[in-house]
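These notes are about the structure you will find just below.
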Amino acid sequence: MLARCLSPSLQGLEARPVVVEVDLAPGLPGVQLVGLPDKAIQESRERVRSALRNSGFRGPLVRVVINLAPADLRKEGPSFDLPIALALLVASGQLARPQLEGLWCAGELGLDGSLRPCRGVIALADQAHQQQARALVIPPANASEASLIEGLPIHTAPNLRELVRQLKGEQPWPVIGCSGSRASGRINSPEPLPSIETSLASRGLALSAAGGHHLLLVGPPGCGKTRLAHHLPHLLPPLSRKEALTITRIHSIAGHLHGIDQLQQQRPFRSPHHSCSAAALLGGGRSPRPGELSLAHGGVLFLDELAEFPRTVLDQLRQPLEEGAVQISRSQHSTVFPALITLVGATNPCPCGWHGDRDHGCRCSISQRQRYWQRLSGPLLDRLDLQLRLERRSAKEMANVLNPHGPSKVSESWCSPARIQRARQRMQSRNPAGCRNGRLSAKALRQSGAIETAALDLWEQLIQQRGLSTRSSLQLLRVARTIADLNDQSSVSRNAVAEASCYRCTDLLRGSEPQ
């Protein structure tokens, strides 16, 4: 007897429909799986057999052929346990065929018949909804996550025995509350950035948050590079529902979500160690999964000790930073993961960390500093819009910070969320598509940048004096446009271009180090 059950299969960030076909035929008892299953699916034969027996059902005593169609699509993961078990019950006459019509199923089975969670449930539920499924049957631990897809009925049960009783109508389905309509809220506001930060640092942080500019922080140990990077996500705008759904889907496919009941509310902040591989940073694998770059989509990717990362790994960031996506190609298919991030890199000026510090002498030779900075390629530095050289605060400045009656906190005004929000509103009014200044094209800058003639003259002089590339020169204008927005100015003045040139410390590189 032939039976079918529908189930989705993850392919990158999306899911594709799969038909699980089970055929019982005369012959020696055995189970044969076809349709390009991976090792986890091959092992489902033993899990399903034990789950059926321990749940009180008859196991197959004939030859069983299980096909996962389409046959040329590679499938992976234990989420096919449940549809295989249900199709086996229909084929053996223990469950009526109409009871599975229109149902989509996904879930791992324990040997005792319990339903265990699987990853990527949001993508699976979205595909089922697009295919107009009658309902999606999943494990209880995934029910709240699947309910984020509005308009799709969710059915669940703690084990296979209860599930079959519910399918037969002997027991009502549990009510799954839909949390998909919940609005995504803003991140809890942190304490204001303390005035220990220099006005240059706080100004650069505000520019990065307002315009979406990538940021490089260079300075000795203890100057506040990590503190600045951790503060940046709190200055970014709140997530829209579309952004929250995409971020939640990425983390679900990566297997990082467990029992959530609402969309992601905070912008991601990812900080991988400098020993991570290219596959961990960009994503990959035989069946590609998102890496740290995609997990930071919509938020901040912080690369501390940037110069300690392998140069071959960092250079692979160049194309994703330009396109806002990571494309992973395999011989049979290609996967695209979104990666629209704000990159923040932090590094010391030299191997010992004290080059240029007024209190500590640098122990590195010129050749050591040259080799250290050669770990960062020119094309990568070219993609970092804001490049700041930070210094440690003096003892007197530290005392003023701790003194409650000390001087006013300059950095709080620069990093004011209200000021940054006003700048974003200006960008939104000029760019209805929602593109922030950090990703404006040359055509958009020409049409809506409102750059004054005097500013263009100074810009040309800077290009000649510093030998800027086409990309760097355009970034200089983008930063100047953001400076004008933060200053509530409709046009880009000469002063805005001059200030933008102050945020490029590596333009003074002479093949060795920032001056």
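So for region 85-95 (the condition being under 33 Å from the mean Cα position of the chain (by Cα), of a type in the set (A, V, I, L, M, F, W, C) and in a loop (DSSP other than H, G, I, E, B)), does at least one residue qualify? Within region 85-95, not a single residue is under 33 Å from the mean Cα position of the chain (by Cα), of a type in the set (A, V, I, L, M, F, W, C) and in a loop (DSSP other than H, G, I, E, B). Could you say whether any residue in region 235-243 is in a loop (DSSP other than H, G, I, E, B), under 23 Å from PRO78 (Cα atoms) and among the hydroxyl-bearing types (Ser, Thr, Tyr)? Taking every residue of region 235-243 in turn, none turns out to be in a loop (DSSP other than H, G, I, E, B), under 23 Å from PRO78 (Cα atoms) and among the hydroxyl-bearing types (Ser, Thr, Tyr). If only residues of region 491-515 that are modelled with pLDDT under 90 and of a type in the set (Gly, Ala, Ser) are counted, the one that is farthest from ALA201 (Cα to Cα) is GLY511. Looking at this structure, is HIS333 modelled with pLDDT under 90 and surrounded by fewer than 20 Cβ atoms within 10 Å (Cβ to Cβ)? So HIS333 fits the description; yes. The set of residues from region 58-76 being more than 11 Å from ASP23 (Cα to Cα) and either buried (at least 20 other Cβ atoms within 10 Å of the Cβ) or touching a Cys at 6+ places or on another chain (Cβ under 6 Å) (or both) comprises LEU68, LYS75. Looking only at residues in region 166-184 that are surrounded by fewer than 13 Cβ atoms within 10 Å (Cβ to Cβ) and not small (Gly, Ala, Ser), the one that is modelled with the lowest pLDDT is VAL175. When ARG289 is tested against (1) closer than 21 Å to GLU76 by Cα; (2) over 17 Å from the mean Cα position of the chain (by Cα); (3) not hydrophobic (A, V, I, L, M, F, W, C), exactly one condition is not met: (2).
PRO78 passes every criterion in (1) at pLDDT 95 or above; (2) more than 14 Å from CYS5 (Cα to Cα) apart from (1).
Residue count for region 430-478, restricted to those that are outside any helix (DSSP H, G or I), touching a Lys or Arg at 6+ places or on another chain (Cβ under 9 Å) and more than 18 Å from GLY378 (Cβ to Cβ): 6.
Restricting attention to region 56-92 and to residues that are touching a strand residue (DSSP E or B) at 6+ places or on another chain (Cβ under 8 Å) and small (Gly, Ala, Ser), the residue that is nearest to GLN42 (Cα to Cα) turns out to be GLY77.
Candidates LEU6, LEU24, LEU52, LEU36: the one that is without any contact (Cβ under 8 Å) to a residue 60 or more places away in the chain, surrounded by 14 or more Cβ atoms within 10 Å (Cβ to Cβ) and over 27 Å from the mean Cα position of the chain (by Cα) is LEU36.
Within region 297-320, track down each residue that is surrounded by fewer than 17 Cβ atoms within 10 Å (Cβ to Cβ), closer than 21 Å to LEU217 by Cβ and of a type outside the set (Lys, Arg). Scanning region 297-320 gives GLU305, GLU308, PRO310, ASP315.
Inspect region 427-446 for any residue being out of contact with any Cys (no Cβ under 6 Å at 6 or more places or on another chain), surrounded by fewer than 19 Cβ atoms within 10 Å (Cβ to Cβ) and either among the aromatic types (Phe, Trp, Tyr) or farther than 27 Å from ALA339 by Cα (or both) and give the result as yes or no. Checked region 427-446: no residue is out of contact with any Cys (no Cβ under 6 Å at 6 or more places or on another chain), surrounded by fewer than 19 Cβ atoms within 10 Å (Cβ to Cβ) and either among the aromatic types (Phe, Trp, Tyr) or farther than 27 Å from ALA339 by Cα (or both). When LEU216, LEU235, LEU239 are checked against the criterion of being over 21 Å from GLN428 (Cβ atoms) and either touching a Leu at 6+ places or on another chain (Cβ under 9 Å) or among the β-branched types (Val, Ile, Thr) (or both), a single residue qualifies: LEU216. In the condition set (1) more than 28 Å from LEU468 (Cβ to Cβ); (2) buried (at least 21 other Cβ atoms within 10 Å of the Cβ); (3) touching a Ser or Thr at 6+ places or on another chain (Cβ under 9 Å); (4) aliphatic (A, V, I, L, M), ALA339 is compliant with all but (1).
A Cβ distance below 6 Å, combined with a sequence gap of six or more or placement on separate chains, defines the contacts here; from region 475-495, residues that are touching a residue at least 40 places away in the same chain (Cβ under 8 Å) reach residues that are buried (at least 24 other Cβ atoms within 10 Å of the Cβ) and basic (Lys, Arg) in the pairs VAL492/ARG481.
Just to be sure before I move on: is GLN42 of a type outside the set (Lys, Arg) and either under 33 Å from the mean Cα position of the chain (by Cα) or at pLDDT 95 or above (or both) in the structure I sent? Here the answer is yes, as GLN42 does meet what is asked. Check whether at least one residue in region 282-296 is of a type in the set (Lys, Arg), at pLDDT below 95 and surrounded by fewer than 18 Cβ atoms within 10 Å (Cβ to Cβ), and report yes or no. Scanning region 282-296, I find at least one residue that is of a type in the set (Lys, Arg), at pLDDT below 95 and surrounded by fewer than 18 Cβ atoms within 10 Å (Cβ to Cβ), so the answer is yes. If you go through region 105-141 and keep only what is within 29 Å of the chain's Cα centre (by Cα) and assigned to a loop (DSSP other than H, G, I, E, B), you end up with ALA106, GLY107, PRO117, CYS118, ARG119, GLY120, GLN131, GLN132, ALA133, PRO139. Would you please name the residue that is surrounded by the most Cβ atoms within 10 Å (Cβ to Cβ), looking only at residues in region 364-390 that are assigned to a loop (DSSP other than H, G, I, E, B) and either at pLDDT below 85 or in contact with a His (Cβ under 9 Å, 6 or more places away or on another chain) (or both)? Going through the qualifying residues, I end up with ASP385. Among the residues examined, VAL137 qualifies as in contact (Cβ under 8 Å) with a residue 12 or more places away in the chain and under 13 Å from ASN159 (Cα atoms).
The values are calculated or read from the model by the stated rules, or taken from the named source; none is laboratory data. Just so you know, these numbers come straight off a predicted model, no measurement behind them. Reconstructed Cβ throughout: ideal geometry from the backbone, glycine too, with neighbour counts over all protein chains shown.
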